[in-house]
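> Here it is, the structure in full.
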Amino acid sequence: MPASFPALRVDHVSIAVRAIAPALAFFRRVLPICMRVEPRPGYDDQFVWTDFLVGDWKLELIESARPGSFVERFLARRGEGPHHLSIDVEEGRLGAYTAALERDGLRIVDRGDYGNGDETAFISPRSAPGILVQFWQVPGFHGTPPEDHPPDPVATRDGVRFRVDHLALAVRSIDATLAWFRLIFPVEAARPKQLGWDGAYNFQSFRLAGYKMELIASTGWAHSCAVSRPTASSWSARPRSRAATGPPSSIRAMRTAR
């Protein structure tokens, strides 16, 4: 564990898609999105990206820009879905932070230095509970959200108010995954583990630098019922059975704001 944590802020969740245009059309149709950046080339020649907001919650879409790109390889293994979680790191602290994580046994990969203090690095999912985490050292960032960060978490369309509540990760072990997050990040307000509505899964929520996350894991128990319902074999266990070491399934819980 680092001796002290730098200021951190979850910036966005990135989703890999085969084509940005139809994916963006889908989100436009179902959510009151506000475009932030129109599609543009990434920092190398491998991908194209765009991002948008739902209230104060940012989502990024990435598509492959050439054959053999990391996006194309991800899609071949996993299909479309969440690719990584991106976290801003305090100016001047990324090097010491990642060095401390490496001393704790984590594998840090794909470092990049883009000048003027703008740097990136990733925690390999091989030394994490399946999730790919990106760090961005942001010039001028010391804990305060950027000036263009929306102050209102609620977005409205046709009189309906939407607010993103949390990011959920399907994992094999809630306790082990939460312990991993506590080692790497300043975890706040972890609530007690709870049983899901049908008894087929457990869940536990916590906050990472103010960003609400939820861990879900199968209980290994499936009840029989004449009415078809989600069970351990149908939804909580399925994302983890797709591959032994790949990224966990992640979802965004949406709800109307009252």
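The values are calculated or read from the model by the stated rules, or taken from the named source; none is laboratory data. Note that the structure is a prediction, hence the values are computed from the model and not measured. Here Cβ is always computed from backbone atoms with ideal geometry, including for glycine, and neighbour counts include all displayed protein chains.
> Taking the condition in a loop (DSSP other than H, G, I, E, B) and closer than 28 Å to HIS166 by Cβ, does LEU106 pass?
When the stated conditions are applied, LEU106 passes them.
> Right, next: Applying the selection to region 1-35, what residues are closer than 23 Å to ALA168 by Cβ, charged (D, E, K, R) and in contact with a strand residue (DSSP E or B) (Cβ under 7 Å, 6 or more places away or on another chain)?
Matches in region 1-35: ARG9, ASP11.
> Still on this structure, I have one more. Let me spell it out: the conditions are (1) more than 24 Å from GLU90 (Cα to Cα); (2) over 19 Å from the mean Cα position of the chain (by Cα), and TYR43 meets all of them except one. Which number is the exception?
Result: TYR43 fails condition (1) only.
> Same structure, new question: I'm told ASP88 meets every condition in (1) in a helix (DSSP H, G or I); (2) of a type in the set (D, E, K, R); (3) crowded, with 18+ Cβ neighbours inside 10 Å except one. Can you identify the failing condition by its number?
(1)
> Go through region 187-197 and report how many residues are under 27 Å from ASP104 (Cβ atoms) and more than 16 Å from the chain's Cα centre (by Cα).
Qualifying residue count, region 187-197: 6.
> Which is at positive phi, under 17 Å from the mean Cα position of the chain (by Cα) and not assigned by TED's automatic domain parsing to the domain that holds GLY210, of GLY79, GLY105, GLY92?
Going through GLY79, GLY105, GLY92 in turn, just one is at positive phi, under 17 Å from the mean Cα position of the chain (by Cα) and not assigned by TED's automatic domain parsing to the domain that holds GLY210: GLY79.
> In addition: So which residues in region 1-22 are modelled with pLDDT under 95 and surrounded by 18 or more Cβ atoms within 10 Å (Cβ to Cβ)?
Within region 1-22, PRO2 is the sole residue that qualifies.
> If a residue must be over 18 Å from GLY130 (Cβ atoms) and part of a strand (DSSP E or B), how many such residues does region 167-217 contain? Quick ask: steps written out before the conclusion?
Quick first cut of region 167-217, residues over 18 Å from GLY130 (Cβ atoms) only: 186, 188-200, 205, 207, 209-212.
If we keep only those that are part of a strand (DSSP E or B) too, we end up with 188, 194-195, 205, 207, 211-212.
Of the residues in that region, 7 qualify.
> Still on this model: For the condition among the acidic types (Asp, Glu), under 20 Å from HIS84 (Cα atoms) and either touching a strand residue (DSSP E or B) at 6+ places or on another chain (Cβ under 9 Å) or modelled with pLDDT under 95 (or both), what is the one hit in GLU147, GLU119?
Details: GLU147 fails: under 20 Å from HIS84 (Cα atoms).
So the residue among GLU147, GLU119 that is among the acidic types (Asp, Glu), under 20 Å from HIS84 (Cα atoms) and either touching a strand residue (DSSP E or B) at 6+ places or on another chain (Cβ under 9 Å) or modelled with pLDDT under 95 (or both) is GLU119.
> Hydrophobic (A, V, I, L, M, F, W, C), touching a residue at least 40 places away in the same chain (Cβ under 8 Å) and farther than 22 Å from PHE135 by Cβ: which single residue out of ILE20, ILE15, ILE87, ILE62 fits that description?
On the way: ILE15 fails: farther than 22 Å from PHE135 by Cβ; ILE87 fails: farther than 22 Å from PHE135 by Cβ; ILE62 fails: farther than 22 Å from PHE135 by Cβ.
Matching residue, one of ILE20, ILE15, ILE87, ILE62: ILE20.
> Residues of region 23-45 being surrounded by 18 or more Cβ atoms within 10 Å (Cβ to Cβ) and without any contact (Cβ under 8 Å) to a residue 40 or more places away in the chain, which ones?
Result: LEU24, single match.
> Specify which of the listed residues (PRO151, PRO139, PRO145, PRO129) is over 23 Å from SER4 (Cα atoms) and of a type outside the set (Ser, Thr, Tyr).
PRO151
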